[in-house]
Amino acid sequence: MNLKLTRIINDYVTASNAHDVKSILSCFSDDAVVHDERETLHGKKAIEGWIAKTIAKYKFQFKALSIKEDKVDVVIVTVEVSGTFDGSPVTLDYHFTIESDKIRSLTID
């Protein structure tokens, strides 16, 4: 399936699959918030640590499966995530809030 992802979400997925911490981080606004694994991270410094830790721990790869707009500025992308974790691959929903062509908020569930 060839999905039509917005530029910033496509950049996020591409950089994530390349495990490029700086390029992933550049997708986020300065005051972005990430909710993942019962943790909330505020701002780029905390998000950078989360990115590096997650890459090292899971060595993940993403495959976007579907996309839908939930609200005006919220896009939900269903992603198959594979990596070095029990139960791989898993399917997770990535809830992106986009503002000024940057990720303002990301919730993974």
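Among the residues of the range 90-101, the ones that are over 20 Å from R38 (Cα atoms) and surrounded by fewer than 16 Cβ atoms within 10 Å (Cβ to Cβ) come to 3 in all. Put simply, of I103, I24, I47 the only residue that is free of Cβ contacts under 8 Å to residues at least 24 places away in the same chain and in contact with a helix residue (DSSP H, G or I) (Cβ under 7 Å, 6 or more places away or on another chain) is I47.
Selection of the range 29-44 for residues being surrounded by fewer than 11 Cβ atoms within 10 Å (Cβ to Cβ) and more than 16 Å from I108 (Cα to Cα) yields only D30.
Just one of (1) surrounded by 11 or more Cβ atoms within 10 Å (Cβ to Cβ); (2) under 14 Å from the mean Cα position of the chain (by Cα) fails for R7. It is (1).
Scanning for something over 14 Å from the mean Cα position of the chain (by Cα), of a type in the set (A, V, I, L, M, F, W, C), closer than 20 Å to F85 by Cβ and surrounded by fewer than 18 Cβ atoms within 10 Å (Cβ to Cβ), does the range 14-28 turn up at least one residue? Within the range 14-28, none of the residues are over 14 Å from the mean Cα position of the chain (by Cα), of a type in the set (A, V, I, L, M, F, W, C), closer than 20 Å to F85 by Cβ and surrounded by fewer than 18 Cβ atoms within 10 Å (Cβ to Cβ). Only residues that are over 13 Å from the mean Cα position of the chain (by Cα), charged (D, E, K, R) and either farther than 12 Å from T6 by Cβ or surrounded by 17 or more Cβ atoms within 10 Å (Cβ to Cβ) (or both) were counted across the range 46-77, and they come to 6. Going by what's in this entry, would T107 be described as of a type in the set (S, T, Y), under 15 Å from D36 (Cα atoms) and surrounded by 16 or more Cβ atoms within 10 Å (Cβ to Cβ)? When the stated conditions are applied, T107 passes them. Among residues of the range 67-85 that are of a type in the set (S, T, Y), those with a beta-carbon under 7 Å from a residue that is assigned to a loop (DSSP other than H, G, I, E, B) and surrounded by 12 or more Cβ atoms within 10 Å (Cβ to Cβ) at least six positions away or on a different chain give the pairs S82/F60; S82/S88; S82/P89; T84/K59.
Just so you know, all these numbers are worked out from the coordinates, no wet-lab data involved. Note that the structure is a prediction, hence the values are computed from the model and not measured. Every residue, glycine among them, receives a Cβ derived from its backbone with ideal geometry; neighbour counts consider all protein chains shown.
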